[in-house]
1. What do you reckon, is residue 39 modelled with pLDDT of 90 or more and either more than 22 Å from residue 12 (Cα to Cα) or surrounded by 14 or more Cβ atoms within 10 Å (Cβ to Cβ) (or both)?
2. Does the range 91-105 contain any residue that is modelled with pLDDT under 90, touching a strand residue (DSSP E or B) at 6+ places or on another chain (Cβ under 7 Å) and surrounded by fewer than 17 Cβ atoms within 10 Å (Cβ to Cβ)?
3. Is one or more of the residues making up the range 22-35 in a loop (DSSP other than H, G, I, E, B), more than 10 Å from the chain's Cα centre (by Cα) and free of Cβ contacts under 8 Å to residues at least 24 places away in the same chain?
């Protein structure tokens, strides 16, 4: 997948992966790959700065934990992060609907796909 296609969507992807449970950085990268059936291979140089930024804005909280004998920073969603994730999902549905209506020539002008 084209890395440029992820611009503007990284926050939603990270928040979504952390919705289920707290994870450390490498596990987040693995979860993105797994949930995308291997289509998303996001470099650590993209993920870690985004995690730190989401932590600064209060969407994530982190703590150090020992996992398999190694110290790792584990990230979890905060209440603010859950609200942000819902807003991101809503914005994504709107965006996908609009883009879908443009890319589907079988729809007439102003007709939006169902769903």
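The values are calculated or read from the model by the stated rules, or taken from the named source; none is laboratory data. Being a predicted model, the structure only gives us computed values, none of them experimental. Because the Cβ atoms are built from the backbone with ideal geometry, glycine has one as well, and the counts that use them run over all protein chains shown.
1. Spelling it out, it is not the case that residue 39 is modelled with pLDDT of 90 or more and either more than 22 Å from residue 12 (Cα to Cα) or surrounded by 14 or more Cβ atoms within 10 Å (Cβ to Cβ) (or both).
2. No; the residues of the range 91-105 include none that is modelled with pLDDT under 90, touching a strand residue (DSSP E or B) at 6+ places or on another chain (Cβ under 7 Å) and surrounded by fewer than 17 Cβ atoms within 10 Å (Cβ to Cβ).
3. Within the range 22-35, not a single residue is in a loop (DSSP other than H, G, I, E, B), more than 10 Å from the chain's Cα centre (by Cα) and free of Cβ contacts under 8 Å to residues at least 24 places away in the same chain.
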